[in-house]
Amino acid sequence: MIHWFKKHPQILRNESKMLANDANYKELYQFRKNLFVSHGEIIVRLDKIYKYPFLIVYTDAMPYALPQIYPLKQILPKQLVEYISGLPLVFVPLQLQPYIEFHYNLRHQNSLGALCVLEWDNLDVELEFFGIKTILKRIREWCTALITNNFPPDSPDVDFCAHFNNVFHGLKIIYPEEFLDEKIVQGLFYANVISIVPKGRFLDQESYVYSGILLDGKNAQGQFISKSVKEPLDPKLKTSEDFQSQNKLLADLVERKIVLKGAWFQLKKEPMPFKTFKDLVKLVGEDDYIQGIKRFHDTCSEYLETRPENLYVGIRFPNRRGDMEFQMFRTTIKDEPVSTVYSKDPLQISSHIIESYENVAAIESEKLTPDSFFMRNGARAKYPLLSKVGINIIGVGALGSEIADNIGKAGVGTIILIDNQVMKAQNAVRHLAGIEAIAQDKVSAVAKILCAHNPFLNVHPVKRDVLYSDFSEYTLNNSLSISSIADDHTEGFINEQAIIYNREVFYVRALRGGKVGRIFRVVPGKDACMQCLNLYRREGREFIEIPEDPDYPTLKNECNNPIRPASASDLKLLASIVARLAIEHIQNGPSKSNHWIWSTEKIDGTAIDRPYQLTEQFIPCHPQCHSCNYEKVFKVEIKKGRLEFMQSLVAQDPDIETGGVLAGYINDDATIVVTEACGPGPKAIRSATRFQKDTKYCQEFLDTMYKRYGEKAIYVGEWHSHPSKNNNPSEMDIKSLTQISLQQEYLTDKPLMIILSNEGDPSCTIHPSGKLFYKTNIATIS
């Protein structure tokens, strides 16, 4: 490596000159061998003159990184400073250890002894602000604070753990919102291991990550508050009482490091860093060591009596931002044996055990709540909105799995994964899942990964062939779907069903070896559907035809499942675009465009005239599309007395659903006239969330009406009520009427549905067979 002072000689001269002439720094020695170092004293003038020795070591990242600043116990010999100047940077802290002044009870000093009084975010981006004059000024302010106890404020983003010189890196804990419940002030906590990384290629020590599962204890009045575990790791450990009674089971789990157990205490304010267990006990006692022992005894005397080799203690406190924070520590038993205590006093026994522990190491403790977890997404992914949304991912291959991952990380609340394929070895080169998932269902393998990337996500894997399933059976109600199956026949079937159920779908596929991606959205009744696009394609308009690249032919496996060649980088990029469009759709509603083509190359003869661009279009429904257009749009009329009869049934109990069937006729001017209506029948099932008519009763009603009025009183549809002001059809309503339009038993291909609110306000929809339902006005006649 070329030394920084060879690349930036003018900066070296400036730094050297300022070190030698600064009024608040008396330089003693300056050497430049392998490292440029300066040794001297910071001068603080208050009621008297104070002098603090420091060693300043410049790194080879200068001027892009700050020099290392070491506070010392004494002035160093000239020969030692010169020797340090010739060392590699990594050996400097080790050589200096005997001479470094560690301020264990203060902030701004890392575990190697260097000060971190300068935070880059607070400095200008200009290089001159890395100059030693600014650094010396900050060091002098820090030294002044040693005298006045008025330290510079921290950045709000600095972790509390970062202020401790001794940090144990073999363990980390993430804790949930439940660990911040202020109703309790002290007790025991438990955490479940979620990750073990063995010592080896990437780590020089075994590392465990635990997730907090239970924090219980007493409130300020001394009453024990029982808690429950959301996801029990064992059926016998569901409540606080279980953790107290299942001693043998719990001891085994702790011994095997599956469960971590510790004591915890609420503090009134954020403490300063400390070094020993005695300091921690004193903090727990609110600056009273004896009181701290009493709190330990009251909280965890039985835990102490087990004399664990490593004792874990948590403290909870309001941090500088006013938010509650939980921090865990590990303390170990002293090397030298502690004398035996013969007292029978339980408090004295606890005190004796506490005194057998000495050093304390901070353990990285990270809050894991929705707000903290999704904070980095910012407003680009609005978690409060997205968390209430569900998305169906149809096709969980190389493209679909990456889309699901992006959507999940954005904060979507629920994802349904639909696919019927299993992982093979060659899938791993592009798929979200890896070699370890071979022979697993793709939906299951991806579901595990999504949950690992977003612990607040609800994932439901559905292994299913969509060609042999009803769309409403495997998708969420009123949800957005994204299909990456990229097979015209299968997606044509999905398109047809999605339109019937009025579901919005994004379709995506990679073309030309992944160099091009086509994305199109179908909002039924607004956007061109797949059938529309096929019609436009035949006519040679609207649809941008992307020719195949002969160098990247579509592959097919033995099951005739199309496999389109594309690298992982192409698919990840396309997946990100699809996810972004879907998120914008959820957050802001349908955009003006509904068709997008991403291309990394110019394609002659098309509108794609530049590489690396997203071409946008809006393509309307085709006027000849069978799915998107109606031969006739029907109106509805109902006899006033029949509507009043229906409204009277609703008024009898507005909080319970009711309903029945409708009879009438269709006249020549495309009007459905409702002349008769019946009630639910004596065997109907009625509740606040469900209505199922008495089929036999309703059929007898229809038979009677037909005998009486003939063709003027045939079946035309259904009616029911909702126990709210909402009179729009639900997913179940749509599914029911869609099935009726297709079933031979019902002699209509366009059944209507009248829904009354709990106040009797009617709405009407017509459900043509194989088409999108539509709303129509309902008029009363005498």
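Step by step: find N for segment 606-707, compute 2.2 N^0.38 Å, then divide the Cα radius of gyration by it. What's the final number?
Ratio of Cα Rg to 2.2 N^0.38 Å: 1.79.
Any chance you could get the radius of gyration and Dmax over the Cα atoms of the chain, in Å?
According to the Cα coordinates of the chain, Rg and Dmax are 36.1, 118 Å.
³J(HN,Hα) across segment 359-370 via Karplus (A = 6.51, B = -1.76, C = 1.60, θ = phi - 60°), whole Hz, x for Gly/Pro?
Computed from phi, the couplings for segment 359-370 are 6, 10, 10, 6, 10, 4, 10, 10, 6, 10, 10, x Hz.
Sorting check: for 352-363, 300-311, which peptide has the highest mean count of neighbouring beta carbons within 10 Å, and how do the rest follow? Walk me through the numbers before you get to the answer.
Numbers: 352-363: 19.9, 300-311: 15.4.
Order by mean packing, descending: 352-363, 300-311.
With bins 10 Å wide starting at 0, give me the P(r) of segment 1-68 over every alpha carbon pair, in whole percents.
So the P(r) values, bin by bin, are 20, 49, 23, 7, 1.
Taking 8 Å as the Cα distance limit and 6 or more residues as the minimum spacing, I'd like the relative contact order of segment 599-676 as a percentage.
Numbers: 69 pairs, mean separation 19.1, N = 78.
Relative contact order, segment 599-676: 25 percent.
To the nearest 20 debye, what is the magnitude of the charge dipole of the chain about its Cα centre, counting +1 on the Cβ of each Lys and Arg and -1 on the Cβ of each Asp and Glu?
1280 debye
Ignoring ligands, DNA and RNA, what percent of the accessible area of segment 369-420 is carbon or sulfur (1.4 Å)? Mind dumping the intermediate values first?
Details: 1020 of 1880 Å².
Heavy-atom surface of segment 369-420 belonging to carbon and sulfur, 1.4 Å probe: 54 percent.
I'd like to know how segment 325-397 sits against the 2.2 N^0.38 Å rule of thumb: what's its Cα Rg over that expected value?
For segment 325-397, the normalised Cα radius of gyration comes out at 2.19.
Using the heavy atoms of the protein chains alone and a 1.4 angstrom probe, what is the accessible area of the chain per residue in square angstrom?
50 Å²
Ignoring ligands, DNA and RNA, what percent of the 1.4 Å accessible area of segment 515-631 is carbon and sulfur?
The nonpolar share, carbon plus sulfur, comes to 50 percent.
Please give me the summed charge of the neighbours of K775: other residues whose Cβ is under 13 Å from its Cβ, Lys and Arg +1, Asp and Glu -1. Intermediate results must be reported in sequence, preceding the final value.
Numbers: positive: K635; negative: D733.
Taking every Cβ under 13 Å from that of K775, the sum is 0.
I'd like the trypsin sites (Lys or Arg not before Pro) in segment 1-75 restricted to DSSP loop residues with at most 15 other Cβ atoms within 10 Å, sorted by number.
Values: sites: K6, K7, R13, K17, K26, R32, K33, R45, K48, K51, K73; in loops: K33, K48, K73.
When the trypsin sites (Lys or Arg not before Pro) of segment 1-75 are filtered for loop state and at most 15 Cβ neighbours within 10 Å, K33, K48, K73 remain.
Hey, what's the Cα Rg ratio for segment 559-661 versus the globular rule of thumb, 2.2 N^0.38 Å?
On the way: Rg = 25.0 Å, N = 103, 2.2 N^0.38 = 12.8 Å.
Its radius of gyration relative to the 2.2 N^0.38 Å reference: 1.95.
Under 29 Å between C-alpha atoms is the cut-off here; go through segment 503-641 and count lysine pairs that meet it, provided they're at least eight residues apart or on different chains.
So the count works out to 14.
In whole angstrom, how long is each semi-axis of the equivalent ellipsoid of segment 363-420, when you take the square root of 5 times every eigenvalue of its Cα gyration tensor and sort them from largest down?
25, 14, 10
Return the Rg/Rh value of segment 636-782, two decimal places, where both radii are evaluated on C-alpha atoms and Rh is the Kirkwood radius.
Answer for segment 636-782: 0.93.
Can you give the helix-only mean residue ellipticity at 222 nm for the chain, where every DSSP H stretch with n ≥ 4 adds -39500 (n - 2.57) and the sum goes over all residues, rounded to the nearest 500 deg cm²/dmol? Working shown, then result.
Details: 21 runs with 217 residues, N = 782.
Helix-only estimate at 222 nm: -8000 deg cm²/dmol.
Which three lengths, in whole Å and largest first, does segment 466-560 cover when its Cα atoms are put on their principal axes?
Projected onto the principal axes, the Cα atoms of segment 466-560 cover 42, 35, 20 Å.
Please give the solvent-accessible surface of L643 in Å², to the nearest 10, using a probe radius of 1.4 Å with every protein chain present.
20 Å²
What Kirkwood hydrodynamic radius do you get for segment 383-538 when you take the inverse of the mean 1/r over all pairs of distinct Cα atoms, in Å?
15.9 Å
Could you state how much accessible area I577 has, in square angstrom rounded to the nearest 10, with a 1.4 Å probe and all protein chains kept in place?
30 Å²
So how tilted is helix 442-453 from the main axis of the chain? Cα-based, degrees 0 to 90, rounded to 10.
40 degrees
Please give the peptides 510-517, 463-470 ranked by average Cβ packing (other Cβ atoms within 10 Å per residue), highest first, as a rough proxy for protection.
Top to bottom by mean Cβ count within 10 Å: 510-517, 463-470.
Count the lysine pairs in segment 353-491 that are 8 or more places apart or on different chains: how many have C-alpha atoms under 21 angstrom apart?
Summing the qualifying lysine pairs gives 12.
P(r) for segment 221-271: what percent of alpha-carbon pairs falls in each 5 Å bin, starting at zero?
4, 16, 23, 24, 13, 11, 8, 2
Show which aspartates and glutamates lie in cross-link reach of K183 when reach means a straight Cα distance below 13 angstrom and same-chain residues fewer than eight apart are skipped.
D216
Where does the charge balance sit around L480 when Lys and Arg score +1, Asp and Glu -1, over other residues with C-beta under 11 Å from its C-beta?
Once all neighbours under 11 Å are counted, the net charge is +1.
What is the Cα centroid distance between segment 342-362 and segment 427-446, reported in whole angstrom?
52 Å
Along the charge dipole of the chain, which of G659, I449, Y104 sits closest to the positive end, that is, farthest toward it, with unit charges on the beta carbon of Lys, Arg, Asp and Glu (+1, +1, -1, -1)?
Y104
The values are calculated or read from the model by the stated rules, or taken from the named source; none is laboratory data. Being a predicted model, the structure only gives us computed values, none of them experimental. FYI the Cβ positions are ideal-geometry reconstructions off the backbone, even for glycines, and counts take in every protein chain you see. Side chains are part of the model used for accessible areas, which takes the heavy atoms of the whole protein and leaves out ligands, DNA and RNA. Shrake-Rupley method; radii C 1.70, N 1.55, O 1.52, S 1.80 Å.
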